[in-house]
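Since the structure comes first, as structure tokens, the remarks are kept for the end.
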Amino acid sequence: MTHVTMHETETTSVSDGLGIIRFLKGKSYLVTGATGFLAKVLIEKLLRASPEIGKIFLLIKSNDQESANKRLYDEIISSDLFKLLKQIHGSSYEEFMKSNVIGDIAQENLGFDSEIAANISDEIDVIISCGGRTTFDDRYDSALSVNALGPGRLLSLAKDCKKLKLFLHYSTAFVTGKKEGKVPETTLSIGGNINSDLNIEFELKLASEAVRMFHGSEENKKLKELGMERAQHYGWENTYTFTKAMGESVIHNQRGNLPVVIIRPSIIESSYKEPFPGWLQGIRMSAPLILAYGKDHIPHLLGDYESYWDIIPVDMVVNATIAAMAKHGCGNVPSLKLYNVTSTSHPNPLRLGELMDFSQQHLHDSPLRETSKDLDCIKFHSSIESFTSSVSNTIVKQESETKNGEGEAESHTPLSMKGKRKLKYFESLAKLYQPYLFFQAWFDDTNTRSLIQEMSMEERKMFGFDVRCIDWENYIFNVHLHGIKRVVFGGRSS
Ligand SMILES: NC(=O)c1ccc[n+]([C@@H]2O[C@H](COP(=O)([O-])OP(=O)(O)OC[C@H]3O[C@@H](n4cnc5c(N)ncnc54)[C@H](OP(=O)(O)O)[C@@H]3O)[C@@H](O)[C@H]2O)c1
């Protein structure tokens, strides 16, 4: 009897779960970065999981309403990603897709006119801050303006929203700049866990002085260099993670009484299941490394075979986001909760070497280009010098094969201009990725796992994000490589 009672109690609390569907019903959202990889998957899932959703205002960077509408149509409504929704809604699909607004998080008041701002402040329940500059070595002024200051501008808007329930921001798991040991689920703040010498105002001044000084042809290059120098000076690997860290600190200091959630995903890759396996947008994250091997036939990689390669499928990030929204968007509690949505705490975390082994197996069975030659096994290099020299030899050999139809090249054969450009590309790719190719830290995801525990069985099925269920070999071999190929072949799945 006791056993039955306990079981019933357990079942009741588990079956209640977080009340995700109840939470989503009738809610309205403002999503920034709406044309980006992550936001699109989130928008699709919100619309599919809850047809009775309120409005979704999509913030799209554009010069005018006409071009915003065009971007909405071309990049979102007609995207293949939304094909399941199109099937569900048939001819009413376009009607079903909601509003969009023009805005720029790099501008004061986000570039909104007063009518839009009033509309938003009356209607929005949740602000989802997904816009960001995601290039590792971006111009310092642009990255500062968007990643460091953008969240503060959105927070100001949030404070004017009459019925706002939650402000949710995407940071990155790599934001701490830590390369070894455990990365905790705690937010960064200047003067707290970030060196108090760092002063955002001063960094902005440095960047704007650089813009004045290098105005002209050198401007881009110099501003990119400045960002990397400042990041490394303060112990971060690149401009992206450095400015995202400042963004977290701004949120920490300026959130006032707002309920805030920060989601820190690791490297976001192809969808695991939803809306279909293998959805990916753009060639980035692990794709350039895999393509260097499979497409350009460069069997060399700078990196440690055993280092962690912490990836997370995009649909799992989205599901974790929705679960966190339901948990923290109900109580009006002015708390700040952080979730590492990562995979290094998997009982068998993915290693860089495994990523390349599984990719190698896939590309061996199903090559990216027609070739009579087998792909060579990948060699891992521990120094940039050894990597560059091996890549250079490979390119010389390839050029000689193309020219003479045979593989033997003299060691002193010079590279063509095209070969030199190729070498420069692979060298700069290796340098940019270097911190992640020797990565030894792991991310604590206690908060994220507790969130799963609070979900009902039904919610876990509909909004699953338990990374422990991922079989890496199957995911890389059968899902992610197909995602990459679909992007490479422009939508056609090979
Ligand atoms: N992808 C990952 O592996 C990863 C991992 C961890 C965290 N994150 C974080 O997740 C968020 C989304 O990432 P993502 O991969 O979806 O990035 P993404 O594909 O590069 O998309 C970024 C989005 O932000 C928009 N944006 C850039 N500057 C803006 C501005 N000034 N005003 C308004 N919007 C602006 C872009 O608009 P345009 O299309 O006009 O450029 C784009 O829609 C980012 O905050 C990123 O830091 C990403």
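Side notes on the structure shown:
- Wholly enclosed helices (runs of 4 or more DSSP H) of segment 413-494 bearing at least 1 residues within 30 Å of T239 (Cα to Cα), in contact (Cβ under 8 Å) with a residue 60 or more places away in the chain and out of contact with any helix residue (DSSP H, G or I) (no Cβ under 7 Å at 6 or more places or on another chain): 417-437, 446-453, 481-488
- Considering segment 27-37, the residues that are within 8 Å of the ligand (Cβ to nearest atom) and surrounded by fewer than 23 Cβ atoms within 10 Å (Cβ to Cβ) include one that is nearest to I283 (Cα to Cα), namely F37.
- Test for S493: is it hydroxyl-bearing (S, T, Y), more than 15 Å from P265 (Cβ to Cβ), at pLDDT 95 or above and more than 20 Å from the chain's Cα centre (by Cα): no
- Just one of the listed residues (A143, A148) is of a type outside the set (D, E), farther than 23 Å from P259 by Cα, touching a helix residue (DSSP H, G or I) at 6+ places or on another chain (Cβ under 7 Å) and within 16 Å of the ligand (Cβ to nearest atom), namely A143.
- Single unsatisfied condition, S67 versus (1) more than 27 Å from F276 (Cβ to Cβ); (2) at pLDDT below 90; (3) not in a helix (DSSP H, G or I); (4) not charged (D, E, K, R): (3)
- For segment 57-100, taking the residues that are under 17 Å from F37 (Cβ atoms) and among the β-branched types (V, I, T), the one that is nearest to the ligand (Cβ to nearest atom) is identified as I60.
- Among the conditions (1) of a type outside the set (A, V, I, L, M, F, W, C); (2) within 16 Å of the ligand (Cβ to nearest atom); (3) free of Cβ contacts under 8 Å to residues at least 40 places away in the same chain, S196 misses just one, which is (2).
- Residues in segment 291-319 that are among the aliphatic types (A, V, I, L, M) and within 13 Å of the ligand (Cβ to nearest atom): I311, I312, V314, M316, V317, V318.
- Of all residues in segment 109-140 being free of Cβ contacts under 8 Å to residues at least 60 places away in the same chain and within 12 Å of the ligand (Cβ to nearest atom), the one that is nearest to L432 (Cα to Cα): L110
- The one condition in (1) within 20 Å of P275 (Cα to Cα); (2) outside any helix (DSSP H, G or I); (3) under 22 Å from the mean Cα position of the chain (by Cα) that I53 fails to fulfil: (3)
- Residue among G247, G177, G235 that alone is out of contact with any Leu (no Cβ under 7 Å at 6 or more places or on another chain) and surrounded by fewer than 20 Cβ atoms within 10 Å (Cβ to Cβ): G235
- The set of residues in segment 292-321 that are surrounded by 22 or more Cβ atoms within 10 Å (Cβ to Cβ), within 21 Å of the chain's Cα centre (by Cα) and not acidic (D, E) comprises Y308, W309, I311, I312, P313, V314, M316, V317, V318, N319, A320, T321.
The values are calculated or read from the model by the stated rules, or taken from the named source; none is laboratory data. Fair warning: this is a prediction, and the values are worked out from it, not measured in the lab. In this analysis, Cβ positions are derived from the backbone assuming ideal geometry, glycine residues included, and neighbour counts consider all displayed protein chains.
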